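Here's the structure, in structure tokens; my notes come after.
The values are calculated or read from the model by the stated rules, or taken from the named source; none is laboratory data. Please read all numbers here as calculations on a predicted model, not as lab measurements. Counting neighbours? That spans all protein chains shown, and the Cβs are built from the backbone with ideal geometry, glycine included.
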Amino acid sequence: MNLKHSIFAFVVLLLTASTSQSQTDEVKLDTPVAKITIVSAMRARGAPRIDAAEIARLKLGTVVNATAHSTTQDTIGGKTDFWYSVALPNGQTGWLFGGLLLDYTPRERERLLRQIIEARLKAENTEFADREEIYNLATRAVQEAKDTEMRAEFELFQLLALSSWANSFPDNLRDKSPYREWHRAHSTEVIRNEFGGGYNLRADLLWQLEKKYQSLPIADRIAWEAAQMLPPSDCEGDEVCDFFLYEGEIKYVSLHPAGAHVSEALNHLSEAMSDELINRANAKGGDKYAVQERIDLRKTFASLRAALAKTTAAEKVELLKKLDRVR
């Protein structure tokens, strides 16, 4: 065999091996399987490997059709799964790691969106852009909701997503795009946190939502979320200032005296109602600020006593004893 024939045979061998390898890279599915992404900015790669070139990024909640999976599984971030070959929204074909996908059917869409949004709201160390995707997905879910109870739940998720998004606002970039536009769009829904940085959701938005859906079971959860949405403050260990931060929990007990979190709220209030607090409420004299503090404390105590009158929770007993010490 001359050199020319040898080179030709070698090239054919390489091509055959390459074709064989390509054929074993994937297992064709009998029919396309719909999948939905469960993370923000999910990377689609050109091959079923984590080091393959990135060819696109998919938004949270994107639905794709898988036509094949890799021959072997990978373990990434503690999850073990196949890679799936999918048709991307831009018309290309790419590979997605299955550990970041869920099987999808239109009939299960609302349940899947609820599962995805709740999981992402609990995720830690997510960035501003990631939280934007959670908010946008929750907003779409509100618009798609078919019944009142589901819409109420997605409206709650939408506000919680906005709260999370606002908390991640980078103070040092607030005058730059897109943060400047974000503030312009949401300025009536958030309040600047001068002490912790970023922005806080206005708690009254949650209280308004609770009122809107007060006849539904989810109203209890909405009210508790509202009670935990503390206003920006820097009490610096001042016990009176700290106690006023629990006014939301007093309101929760008043609105939901048999609610799921009543015992928790009453324990918080009992711990906050210290001897120092009672002594300051019973004090005499002082400047105008001390007088106003006593007036405000007594108003809050009156609200607490009225709320306790509505509940049968055992934890109320200790609080009533403390309130009776206020002269």
Q.
Looking at the structure I just gave you, is T300 assigned to a loop (DSSP other than H, G, I, E, B) and either among the hydroxyl-bearing types (S, T, Y) or surrounded by 15 or more Cβ atoms within 10 Å (Cβ to Cβ) (or both)?
A. no
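Residues checked against (1) in contact with a strand residue (DSSP E or B) (Cβ under 8 Å, 6 or more places away or on another chain); (2) of a type in the set (D, E, K, R); (3) surrounded by 15 or more Cβ atoms within 10 Å (Cβ to Cβ); (4) at pLDDT 95 or above:
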position: L3; (1), (2), (3), (4): no, no, no, no
position: A9; (1), (2), (3), (4): no, no, no, no
position: T24; (1), (2), (3), (4): no, no, no, no
position: V33; (1), (2), (3), (4): yes, no, yes, yes
position: I36; (1), (2), (3), (4): yes, no, yes, yes
position: S40; (1), (2), (3), (4): no, no, yes, yes
position: A56; (1), (2), (3), (4): yes, no, yes, yes
position: G94; (1), (2), (3), (4): yes, no, yes, yes
Q. Among A272, A219, A227, A265, which is the only one that is assigned by TED's automatic domain parsing to the domain that holds T312 and under 22 Å from L156 (Cβ atoms)?
A. A265
Q) Out of segment 303-327, which residues are surrounded by fewer than 12 Cβ atoms within 10 Å (Cβ to Cβ) and assigned to a loop (DSSP other than H, G, I, E, B)? A) A309, T312, A314, D324, R327
Q) Is one or more of the residues making up segment 111-125 in contact with a His (Cβ under 6 Å, 6 or more places away or on another chain) and either among the aromatic types (F, W, Y) or under 30 Å from E210 (Cα atoms) (or both)? A) no
Q) What single numbered condition from (1) surrounded by 13 or more Cβ atoms within 10 Å (Cβ to Cβ); (2) under 29 Å from V253 (Cβ atoms) fails to hold for D234? A) (1)
Q: Give just the number: which of (1) at positive phi; (2) under 10 Å from the mean Cα position of the chain (by Cα); (3) polar (S, T, N, Q) does N125 not satisfy?
A: (2)
Q) Can you name the residue in segment 255-286 that is among the polar types (S, T, N, Q) and either touching a Phe, Trp or Tyr at 6+ places or on another chain (Cβ under 7 Å) or in a helix (DSSP H, G or I) (or both) and is also farthest from S164 (Cα to Cα) among such residues? A) N282
Q | Of the criteria (1) within 26 Å of the chain's Cα centre (by Cα); (2) surrounded by fewer than 19 Cβ atoms within 10 Å (Cβ to Cβ); (3) in a helix (DSSP H, G or I), which one Y252 fails | A | (2)
Q | The listed residue being within 28 Å of G197 (Cα to Cα) and at pLDDT below 95, out of D234, D287 | A | D234
Q: Just give me the residues in segment 94-117 being assigned to a strand (DSSP E or B) and of a type in the set (D, E, K, R), in sequence order.
A: D103
Q.
Here is a check on your reading of the model: is E153 touching a residue at least 24 places away in the same chain (Cβ under 8 Å) and either within 18 Å of Y213 (Cβ to Cβ) or in contact with a Cys (Cβ under 9 Å, 6 or more places away or on another chain) (or both)?
A. yes
